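First the structure, in the form of structure tokens, and then the observations on it.
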Amino acid sequence: MNTEKIYLSSPHMGGDEIKFVNEAFDANWISPVGPNISSFEEELAAYNSVGYCAALSSGTAAIHLALIILNIGAGDEVLCSSFTFSGSCNPIRYQGAIPVFVDSEADSWNMDPALLEDAIKDRIAKGKKPKAIIAVHLYGMPARMNAIMSVAKRYEIPVIEDAAEGLGSTYFEKKLGSFGDFGIYSFNGNKIITTSGGGALVAANKDWITKAKFLATQARDPAPHYEHTEIGYNYRLSNVCAGIGRGQLLVLNERVQQRREVYNFYRRELSDIKGISFQNEIEGAFSNRWLTTILIDPTQSGFDREQLRLALEKENIESRPLWKPMHLQPVFKSFPSFSSGVSERLFESGLCLPSGSNLTVKQLSGIVAVIKKLSAIS
Ligand SMILES: *Cc1c(COP(=O)(O)O)cnc(C)c1O
């Protein structure tokens, strides 16, 4: 057994993070104000070619603020990818709104634009026109954003683009997070770059981002004392964490390249194992390959997803089933959903393999060896 655990995706510092953090310490900017925050916002907005950016405490907070700014309240319906992490849709419930889940298409694994339109028509016919769409890019793979945006425009429904897993990916040369009316990113510890915990909200609309910063700092009106005319939140990123983010942005392209190499390694080394397939890039897509994910067909491989997960776990290697669809989750299953069965099948047969940009060839070879051994005895 490996004595040192191999994680699915662990933080990978570039070296300059500590320089920005030290600057914050030297100037005693250890608070949610300071020069790293505004610089991080500008640098992130420039990287993604989006107009404006608010650095926040998490990606979930970014989605929550987007919903508030779009005036989504109790009883309103919000369409959301079913195949995602719960952080995408929990904020819908924070607002007392109703999530309506839309299934994935088989190739990109992301929101099916045709099913999205079916869902919109159905809800409109029932007198409940959805107030927003939350479209997600899973594992770094672009959703068909051009098709999703054109459906959204046809029905005049704003789109929140959840690019928490898609920073550094592009679709027809355009950065993920820059297609929607709002885009969000996450810098949680396991994402492609991290600030230990953090997120960002981006938009072309300057007023929205100004509003987001106001709401994220407890909605303090201009006054010498603290004056409040609105409910606020404590959602700002700290100046120390923003320093980590600035250092991480400097190595983001390198991290994308390294994650893609991890994917290529698995793809090459596992090519002769029957019953294993990969998430392919759709036309126009360039994925950051945040996580390498495989599908296992047990009728061909002789083992299923769970057997492989356990074989890896025995060697101290972390792997994880694909996201369990939200329309199957106990807390969400009573809400409306438009499913085609695609995400359920992906969940049953899919596994995320260790994909960190800091994995060594020796570690990757060890992981592949476990898979090959299981295949040989199955
Ligand atoms: C990580 C993640 C989020 C939430 O981001 P946090 O920063 O952890 O709050 C939202 N959506 C998706 C798809 C994610 O992977």
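The values are calculated or read from the model by the stated rules, or taken from the named source; none is laboratory data. Predicted, not measured: the structure shown is a model, and the values here were computed from it. Every residue, glycine as well, gets a Cβ built from its backbone with ideal geometry; the counts of neighbours run over all protein chains shown.
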- [ ] Could you list, in sequence order, all residues of the range 36-50 that are small (Gly, Ala, Ser) and within 12 Å of GLY177 (Cβ to Cβ)?
- [x] ALA45, SER49
Open item on the list: Looking only at the range 248-302, count every residue that is of a type in the set (Val, Ile, Thr) and part of a helix (DSSP H, G or I) and tell me the total.
Closed with: 3
TODO: Being closer than 30 Å to VAL251 by Cβ, of a type outside the set (Ser, Thr, Tyr) and touching a Lys or Arg at 6+ places or on another chain (Cβ under 6 Å) is the filter here, so list the residues in the range 307-361 that pass it.
DONE: ASN316, LEU351, CYS352
Task: The listed residue being aliphatic (A, V, I, L, M), in contact with a Gly (Cβ under 7 Å, 6 or more places away or on another chain) and at pLDDT 95 or above, out of ALA164, ALA143, ALA200 - done: ALA164
Task: Members of the range 327-346 found to be under 30 Å from LEU359 (Cβ atoms) and either in a loop (DSSP other than H, G, I, E, B) or among the aliphatic types (A, V, I, L, M) (or both), listed by number - done: VAL342, LEU346
Task: Set ASN48, ASN71: member being touching a residue at least 60 places away in the same chain (Cβ under 8 Å), in contact with a strand residue (DSSP E or B) (Cβ under 6 Å, 6 or more places away or on another chain), polar (S, T, N, Q) and away from the ligand (no atom under 16 Å from the Cβ) - done: ASN48
TODO: Return yes when GLU165 is away from the ligand (no atom under 14 Å from the Cβ) and either in contact with a Leu (Cβ under 6 Å, 6 or more places away or on another chain) or not in a helix (DSSP H, G or I) (or both) and no when it is not.
DONE: no
- [ ] Run GLU156 past the list (1) crowded, with 24+ Cβ neighbours inside 10 Å; (2) acidic (Asp, Glu); (3) part of a loop (DSSP other than H, G, I, E, B) and report the number of the one that doesn't hold.
- [x] (1)
- [ ] Assess whether SER10 counts as being among the hydroxyl-bearing types (Ser, Thr, Tyr), part of a loop (DSSP other than H, G, I, E, B) and under 30 Å from GLU313 (Cβ atoms).
- [x] yes
Task: Members of the range 182-211 found to be within 12 Å of the ligand (Cβ to nearest atom), β-branched (Val, Ile, Thr) and out of contact with any helix residue (DSSP H, G or I) (no Cβ under 6 Å at 6 or more places or on another chain), listed by number - done: THR194
TODO: Being buried (at least 19 other Cβ atoms within 10 Å of the Cβ) and closer than 23 Å to ILE282 by Cα is the filter here, so list the residues in the range 118-134 that pass it.
DONE: ILE133, ILE134
